[in-house]
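For reference, the structure is listed below as structure tokens.
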Amino acid sequence: MELDKQYDPKQVETKWYSLWESEGYFRPRSDFPGAEGLKETSNPYVIVIPPPNVTGILHMGHALNNSIQDILVRWNRMKGADALWVPGVDHAGIATQNVVEKKLAKEKKTRWDLGREKFLKEVWKWKEEHGSTITRQLRRLGASCDWTRERFTMDEGLSKAVREAFVTLYERGLIYRGNYIINWCPRCQTALSDEEAAHKDVQGGLYHIKYPIAGKNGSYEKMGDDHIVVATTRPETMLGDTAVAVNPDDPRYKHLIGKKIVLPLVNREIPVIADAFVDPEFGTGIVKVTPAHDPNDFAMGHRHHLEQVNVMTPDGKINEHGGAYKGMDRFEARKKILHDLEELGLFIKRDSHLHAVGHCYRCDTVVEPYLSKQWFVKMQPLADKALKAHEQGKTVFSPDRWTKVYLNWLHGIRDWCISRQIWWGHQIPAWHCKKCQAADIGGRMEDGVKPGSSPSAIRHPSFDGIIVARETPKECPKCKGKDLVQDPDVLDTWFSSWLWPFSTLGWPEKTGDLKKFYPTSDLVTAPEIIFFWVARMIMAGLEFRGEVPFRRIYIHGTVRAASGLKMSKSLGNSIDPLEVIDEMGADALRYSLVMLSAQDVYLSREKFEMGRNFTNKVWNACRFVLMQLEDFKDGSVDPGQFKKETLSLPSRWILSQFEEKAAEIERYLGQFGLAQAAGELYHFVWDDFCDWYIELAKPMVQGQDAALKHQTQQVLFFVCERILRLLHPFMPFVTEEIWQKFKEKAKGTRWPKTLMLAPWPCDAGRRFGDAAAQKAIGILQKAVSGIRDLRSRFRIAPANKLKAVVACKEEATREVLRTFEREVKVLARLETLDCVLEFRKEGAMVANAFPEFDIFISLEGILDLGEEKKRLQKKLQETEQWITALRAKLEKPSFAEKAPQEILEKEKEKLEDAKKLLVSYQSQLASLG
RNA sequence: GGGCAGUUAGUUCAGUUGGUUAGAACGCUUCCUUGACAUGGAAGAGGUCAGAGGUUCGAGUCCUCUACUGCCCACCA
């Protein structure tokens, strides 16, 4: 692309991305023979991508997450590491199945019409057609993933890993199957894990209902006072009540314990039991007990050997146990039941009640606590290993506060329900021998145990008719029968995701990648995924590989809309990152996101302008440098040739400044301070390099002094090219485009083919540290700004060239300003600049005061001195106050005694400066009359 | 109910281990199309750092309490 005034991302992004990819630069260096001198590196840097959902599209959260990862990977790659970033997507069982089912619904078909096999074919077809949307979008973002290693959780290799993991856990006694209350989504018709049931506060009702005491009259129409009152939020579950419970110590109800109650509508006699779980303070102090529809009741039911009556069908309708209500939807039944109770005079009242209700995280349907037979992973032993690894300092979270969140979850770990009653996913590698297992069909109860805890011992030593195996078994090992049926359930998608750090590297095969790249270096992800994924990956890593899967975990902020709400499509407040890329470029998107990422990222469209403006600034600064370099042949700049004695002060300054900032950026990057690093870089490039160095370089480059010109060109080239390297991880496209032009200037020297592989420009040592130059440029900046300020205050047109006099308070200052005479004249638009030690004011002049010098310009009668007088008086007053405060501080004995010496010195210096200023203001004021 | 964050300029946020007269971006005011850049340059206005105590020579920064906001977790029906 020609060096137009405006940077146009469209012209370069695809070009460079496809070059990088096709030349294989995204692969680890050890994989491509062409990389100079880096064939065998012993420092791998590896990240695995948090696999996005195959149905997903790139949203801002992904854009932030992947920008951060790409910066880290590109940075490490430039540092010479054997950098690997493994991409991939997960199969998102429920979500993908939902998508395909919706598609079928348009043709008025269900998955049942097709049957399992055909349906799965449809899903695969959908995946082939649409499943790569998100990875295409990641390419637009510039993500330098090694696409040759891209993985999918349903791949052959990863499926093998899943099977291996399942069977291994089973063999270790960590997988069991049983009837428990799980979270059931009636719409998706599958079990969910606890993490997949998102609790939301809902303003619901607490319904008070009379239950008659059995016996006296035999029917509740005439019961009089012989009733109790229960309070419930889900009246429809009363159809499955098998007891009523009170607290054993509740004096109000002690006499009822052991009596019978007649369950209204169902007319079943149920006992009153005593259980310490019941809180006498809540509701009426009496709880209806529904063991098949509530986890607490399930536990209570088990303690008291109560019958479990399941009153619902998998799609959330009342079943045959619900008598007259059979076939009604659960919420419909709720209404009808309340209505019927009211007719019977049994309904007392509805209190408004705020409580947390589980919602399916995929379809937002209210989840039903539901008794069913599922597969579980016994988590305590896995969590213990993770806790131990933490004690050994192997899991390092950044920011550190997430450690606590993680540990809390591990401490309260509950068993993981891993079976799903859907078709898209890894079918459970368990086969049922029909002959041996006849009794097991039909949901026979196994011994119930309090939900959330594991059975004390897993019971599968005695054969229960289930064969769990890596390979499909041919016959039952016990009865030799051939009538084997694979368990129809599939595994939770997270059961494949938790293996991701090593399954993507080839496990369970013993691959070279696994050996070289495991454990990985960093994991970068969002906080909401700590439980779902991070914690489980750590557990899996320890269980299957004996080692944590990554050394550090960086948890970045959540992307929110400016309103503060989470950005989501359903709320209609999302900004499409692809649109931003189209409008402003991937570099602008990346830089803006990262700059804002110090904490949660609140976005609005305008925020991206910062990144866009900055990329454009970089573009133009480089364009200027290239223009200055037209007659410049020597691109092989060796920093060794820069000698302090021969360099100009501005050049010494920018080199010193560059080195300092580069070190700081390096430091920030090393501790995941990407926002700070980006901020430093932004200000260094914009303020130091563009606003000062380039402006100072102009007169030197355009002047007559050939040696100075050449030297300045060299420094411009040197610093600018290194700036491009520092910027590259953050904004890979512009920097590559313009760096290639720099490369053309450097004919004859060996540069890498791409900026991606240029060395990171941060050396350990300080070669250019230069306090004297820093100080000198400080004085120059003050002088120039001082004059500009006067010009602005007195409204002097830029065309009006001024005569300025600097009254220096020390000879050293005068020396500095004399060497900068030409620069100051250009930058402040002066006709003359006199540097003096003794100054006598003549005529109308105004001044700006600094501790080191006062700077005057003459004004020929144009102005209003009254304003200036007022301003000076104000300044004078401020300075007096400041001096008083400083004196007080210094004279305070406790301060003089206790403060460290260097602070003391600084304060004294401040006082001296303040005094000098005061004198300046006084004399100026006096001269104004 | 438990936990975690946040409260600093009109707005959105920085502010490392306590140590210059608290910074930036956007917005605002004034001036400037000077050959890198108007997606720009120069100058400026704008803050009792949520409130109250405490520790310290010194607190935006550490401690305690209070108020508000947001998030996460939790089986009180």
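The values are calculated or read from the model by the stated rules, or taken from the named source; none is laboratory data. Note that the coordinates shown come from a computational prediction; the quantities given were computed from them, not determined experimentally. Glycine gets a Cβ as well: all are built from the backbone with ideal geometry, and neighbour counts include every protein chain shown. Ligands, DNA and RNA are excluded from the accessible area calculation, which covers all protein heavy atoms including side chains. Shrake-Rupley method; radii C 1.70, N 1.55, O 1.52, S 1.80 Å.
Looking for something within 17 Å of residue A:782 (Cβ to Cβ) and touching a strand residue (DSSP E or B) at 6+ places or on another chain (Cβ under 6 Å) - is there at least one such residue anywhere in the stretch A:862-881?
Of all residues in the stretch A:862-881, those within 17 Å of residue A:782 (Cβ to Cβ) come to A:875, A:879.
If we keep only those that are touching a strand residue (DSSP E or B) at 6+ places or on another chain (Cβ under 6 Å) too, we end up with none.
Within the stretch A:862-881, none of the residues are within 17 Å of residue A:782 (Cβ to Cβ) and touching a strand residue (DSSP E or B) at 6+ places or on another chain (Cβ under 6 Å).
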Among (1) open to solvent by 90 Å² or more (accessible area, probe 1.4 Å); (2) more than 9 Å from RNA strand B (Cβ to nearest atom), which single condition is residue A:892 missing?
(2)
For the stretch A:62-89, pairs from a residue that is of a type in the set (Val, Ile, Thr) to a residue that is in a helix (DSSP H, G or I), with Cβ under 7 Å and 6 or more apart or across chains, are A:68/A:594; A:68/A:674; A:71/A:594; A:71/A:674; A:86/A:149; A:89/A:134; A:89/A:135
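Those residues that are of a type in the set (Asp, Glu) and outside any helix (DSSP H, G or I), I need them from the stretch A:324-339; list them, please. Steps first, answer last, please.
Going through the stretch A:324-339, the residues of a type in the set (Asp, Glu) turn out to be A:329, A:332.
Residue satisfying the conditions is A:329 alone.
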Taking the options A:160, A:127, name whichever one is open to solvent by 50 Å² or more (accessible area, probe 1.4 Å) and not in a loop (DSSP other than H, G, I, E, B).
A:160
Residues of the stretch A:254-284 classified as of a type outside the set (A, V, I, L, M, F, W, C), touching a residue at least 40 places away in the same chain (Cβ under 8 Å) and within 14 Å of RNA strand B (Cβ to nearest atom), total:
2
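With the condition being buried (at least 24 other Cβ atoms within 10 Å of the Cβ), I'd like the helices (runs of 4 or more DSSP H) fully within the stretch A:1-120 carrying at least 2 qualifying residues. First the steps, then the outcome.
Numbers: elements: A:9-22, A:60-78, A:93-106, A:111-114.
Those helices (runs of 4 or more DSSP H) span A:60-78, A:93-106.
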Inspect all residues belonging to the stretch A:746-756 and state whether any of them is in a helix (DSSP H, G or I), at pLDDT 90 or above and under 26 Å from residue A:141 (Cα atoms).
yes
Looking only at the stretch A:799-815, decide whether some residue is within 15 Å of RNA strand B (Cβ to nearest atom), in a strand (DSSP E or B), under 28 Å from residue A:912 (Cα atoms) and touching a residue at least 12 places away in the same chain (Cβ under 8 Å).
yes
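Would you mind stating whether residue A:287 is open to solvent by 20 Å² or more (accessible area, probe 1.4 Å), away from RNA strand B (no atom under 15 Å from the Cβ) and touching a strand residue (DSSP E or B) at 6+ places or on another chain (Cβ under 8 Å)? Walk me through it before giving the result.
Numbers: open to solvent by 20 Å² or more (accessible area, probe 1.4 Å): yes; away from RNA strand B (no atom under 15 Å from the Cβ): no; touching a strand residue (DSSP E or B) at 6+ places or on another chain (Cβ under 8 Å): yes.
In short, no.
Regarding residue A:719, is this residue within 14 Å of RNA strand B (Cβ to nearest atom), under 26 Å from residue A:16 (Cβ atoms), in contact with a Gly (Cβ under 8 Å, 6 or more places away or on another chain) and hydrophobic (A, V, I, L, M, F, W, C)? Can you show your working first?
Numbers: within 14 Å of RNA strand B (Cβ to nearest atom): yes; under 26 Å from residue A:16 (Cβ atoms): yes; in contact with a Gly (Cβ under 8 Å, 6 or more places away or on another chain): no; hydrophobic (A, V, I, L, M, F, W, C): yes.
Criteria not met by residue A:719.
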Checking the structure you have, find out if any residue of the stretch A:210-226 is buried (at least 20 other Cβ atoms within 10 Å of the Cβ), within 10 Å of RNA strand B (Cβ to nearest atom) and either of a type outside the set (Asp, Glu) or modelled with pLDDT of 90 or more (or both).
no
Extreme residue, surrounded by the fewest Cβ atoms within 10 Å (Cβ to Cβ), among residues of the stretch A:757-795 that are within 16 Å of RNA strand B (Cβ to nearest atom) and assigned to a loop (DSSP other than H, G, I, E, B)
A:795
Let me spell it out: the conditions are (1) more than 16 Å from RNA strand B (Cβ to nearest atom); (2) touching a residue at least 40 places away in the same chain (Cβ under 8 Å); (3) of a type outside the set (D, E, K, R); (4) open to solvent by less than 50 Å² (accessible area, probe 1.4 Å), and residue A:327 meets all of them except one. Which number is the exception?
(2)
Has the stretch A:234-253 got any residue that is more than 15 Å from RNA strand B (Cβ to nearest atom), crowded, with 17+ Cβ neighbours inside 10 Å and on the phi < 0 side of the Ramachandran plot?
no
Here the qualifying pairs (Cβ atoms under 8 Å; residues six or more apart or on different chains; first in the stretch A:604-616 and open to solvent by less than 70 Å² (accessible area, probe 1.4 Å) and assigned to a loop (DSSP other than H, G, I, E, B); second more than 6 Å from RNA strand B (Cβ to nearest atom) and not β-branched (Val, Ile, Thr)) come out as A:604/A:561; A:604/A:562
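Report yes if residue A:135 is open to solvent by 30 Å² or more (accessible area, probe 1.4 Å) and touching a residue at least 24 places away in the same chain (Cβ under 8 Å), otherwise no.
Values: open to solvent by 30 Å² or more (accessible area, probe 1.4 Å): no; touching a residue at least 24 places away in the same chain (Cβ under 8 Å): yes.
No: the conditions fail for residue A:135.
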Go through the stretch A:373-388 and report how many residues are under 20 Å from residue A:180 (Cβ atoms) and surrounded by fewer than 18 Cβ atoms within 10 Å (Cβ to Cβ).
2
List, please: which pairs have Cβ atoms under 9 Å, are six or more places apart or on different chains, and start with a residue in the stretch A:382-411 that is under 17 Å from residue A:544 (Cα atoms) and among the small types (Gly, Ala, Ser) and end with one that is open to solvent by 40 Å² or more (accessible area, probe 1.4 Å) and within 13 Å of RNA strand B (Cβ to nearest atom)?
A:383/A:409; A:383/A:411
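Does residue A:463 satisfy the condition of being at pLDDT 95 or above and surrounded by fewer than 24 Cβ atoms within 10 Å (Cβ to Cβ)?
no
Can you find a residue that is assigned to a helix (DSSP H, G or I) and either modelled with pLDDT under 85 or surrounded by 17 or more Cβ atoms within 10 Å (Cβ to Cβ) (or both) anywhere in the stretch A:832-853? Break it down stepwise before answering.
Step one: of the stretch A:832-853, the residues assigned to a helix (DSSP H, G or I) are none.
No.
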Across the stretch A:854-881, which residue is least open to solvent (accessible area, probe 1.4 Å) among those that are more than 12 Å from RNA strand B (Cβ to nearest atom), of a type in the set (Val, Ile, Thr) and modelled with pLDDT under 90?
A:857
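Looking at A:338, A:382, A:407, A:371, can you tell me which residue is touching a strand residue (DSSP E or B) at 6+ places or on another chain (Cβ under 8 Å) and under 27 Å from residue A:169 (Cα atoms)? If you could, list the steps in order and put the result at the bottom.
Numbers: A:338 fails: under 27 Å from residue A:169 (Cα atoms); A:382 fails: touching a strand residue (DSSP E or B) at 6+ places or on another chain (Cβ under 8 Å); A:407 fails: touching a strand residue (DSSP E or B) at 6+ places or on another chain (Cβ under 8 Å).
Result: A:371 is the single residue among A:338, A:382, A:407, A:371 that is touching a strand residue (DSSP E or B) at 6+ places or on another chain (Cβ under 8 Å) and under 27 Å from residue A:169 (Cα atoms).
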Of all residues in the stretch A:905-929, count the ones that are in contact (Cβ under 8 Å) with a residue 12 or more places away in the chain, within 11 Å of RNA strand B (Cβ to nearest atom) and farther than 25 Å from residue A:857 by Cα.
3
Does residue A:250 qualify as being over 17 Å from residue A:306 (Cα atoms), at pLDDT 85 or above, in a loop (DSSP other than H, G, I, E, B) and among the acidic types (Asp, Glu)?
yes
If we keep only residues of the stretch A:386-423 that are farther than 29 Å from residue A:372 by Cβ and part of a strand (DSSP E or B), then the residue nearest to the chain's Cα centre (by Cα) is A:398
